[in-house]
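First comes the structure, then the notes that go with it.
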Amino acid sequence: MPQPEVEIDLSVQLGRLRLPNPILVASGTFGYAREMAGLVELGRLGGIVPKTITQEPRTGNAPWRTIETAAGMLNSIGLDNDGIEAFVAHHMPYLSSLGAPIIVSIAGRTHDEFVRMAARLDGIGVAAIELNISCPNVSGGVDFVTDAGSCERVVAGCRAATSLPIVAKLTPNVTSVAAIAKGAEAGG
């Protein structure tokens, strides 16, 4: 006699952000999700983090962007993306239709760019915002994450600009990631 299927609750809570399960795809590795539709049941994911977006479109770094090594792969894409307005107009409608929470990763050159982008994403169906303050592949990509005070200020500015949950993407390439995390926490 077949056993009845047991429903297991895999949901996770990250602050105010509730995800149906802990399986997230990382920003930068999943494109805008269209590229993976034939490989993954997108609606079954705990969340989708599309490639990081910036205020203006970016062409990214010149080739070669990925290099195979004996130990794996190195990449330096350089935040190639369509910019926030194209993302909102062309990618967000598709992403919203997938059934998985969408966590939008943003990167700014300045504190004010981060704040403007966070405000722009409020109220359009985004589940949370990831602040990409730790990208080593662009000029100024780690400016906000190597000092706890700078990290706190950018998180606080975004916190004031949006009602969405915020996830700060930190780097381990600092003397004390715990101090930077405390700055992010203090910022909200």
Helix-only mean residue ellipticity at 222 nm for the chain, each DSSP H run of n ≥ 4 adding -39500 (n - 2.57), per residue, nearest 500: -6500 deg cm²/dmol
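Please state the charge dipole magnitude for region 1-64, taken about the Cα centre, from unit charges on C-beta atoms (+1 on K and R, -1 on D and E), reported in debye and rounded to the nearest 20. All intermediate terms of the calculation are to be shown ahead of the outcome.
Working: 6 positive and 6 negative charges, 65 e Å.
About 320 debye.
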Can you send over the solvent-accessible area of MET36, 1.4 Å probe, protein chains only, in Å² to the nearest 10? 50 Å²
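Protein chains only, probe 1.4 Å: how do GLU113, GLU56 rank by accessible area, largest first? Walk me through the numbers on the way to the answer.
Working: GLU113 15, GLU56 110 Å².
I get GLU56, GLU113, largest accessible area first.
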Would you work out which of ALA33, PRO50, LEU170 lies farthest towards the positive end of the dipole of the chain, given +1 charges on the beta-carbon of Lys and Arg and -1 on that of Asp and Glu, about the Cα centre? LEU170
State in Å² the accessible area per residue of the chain; use a 1.4 Å probe, count heavy atoms of protein chains only, and round to the nearest integer. 55 Å²
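Between the DSSP loop rule and a limit of at most 13 other Cβ atoms within 10 Å, which chymotrypsin sites (Phe, Trp or Tyr not before Pro) in region 1-85 are left? Walk me through the numbers on the way to the answer.
Values: sites: PHE30, TYR32, TRP64; in loops: PHE30, TYR32, TRP64.
Answer by residue number: TRP64.
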So which trypsin sites (Lys or Arg not before Pro) in region 6-65 are both in a DSSP loop and have at most 13 other Cβ atoms within 10 Å of their Cβ? ARG16
With DNA, RNA and ligands ignored, accessible area of ASP82 (1.4 Å probe; Å², nearest 10): 70 Å²
Working with all protein chains in place, sort HIS111, HIS90 by solvent-accessible area computed with a 1.4 Å probe, largest first. HIS90, HIS111
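Show ILE77, ILE8, ILE67 ordered by accessible area, largest first, where the area counts protein heavy atoms only and the probe is 1.4 Å. List each step's numbers first, then the result.
Numbers: ILE77 55, ILE8 115, ILE67 80 Å².
Largest to smallest exposure gives the sequence ILE8, ILE67, ILE77.
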Given (1) 18.3; (2) 17.5; (3) 16.7 as possible values of Kirkwood radius over Cα pairs in Å, the one from the coordinates is (2)
For every other residue with a beta carbon closer than 10 angstrom to the beta carbon of ASP80, add +1 if it is Lys or Arg and -1 if Asp or Glu, then tell me the sum. +2
Of ALA62, ALA168, ALA127, the one that fluctuates the most in a GNM where the chain has Cα springs shorter than 10 Å: ALA62
Could you list the GluC sites (Glu not before Pro) in region 8-110 that lie in coil according to DSSP, counting only those with at most 13 other Cβ atoms within 10 Å of their Cβ? GLU41
Which of GLY15, GLY108, GLY28 moves most in a GNM of the chain, Cα contacts under 10 Å? GLY15
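The values are calculated or read from the model by the stated rules, or taken from the named source; none is laboratory data. Because the structure is predicted, anything quoted here is derived from the model rather than measured. As a convention, Cβ positions derive from the backbone with ideal geometry for all residues, glycine included, and neighbour counts pool all protein chains shown. Ligands, DNA and RNA are stripped out before the accessible areas are found, and what is left, the full protein with its side chains, is counted by its heavy atoms. Shrake-Rupley method; radii C 1.70, N 1.55, O 1.52, S 1.80 Å.
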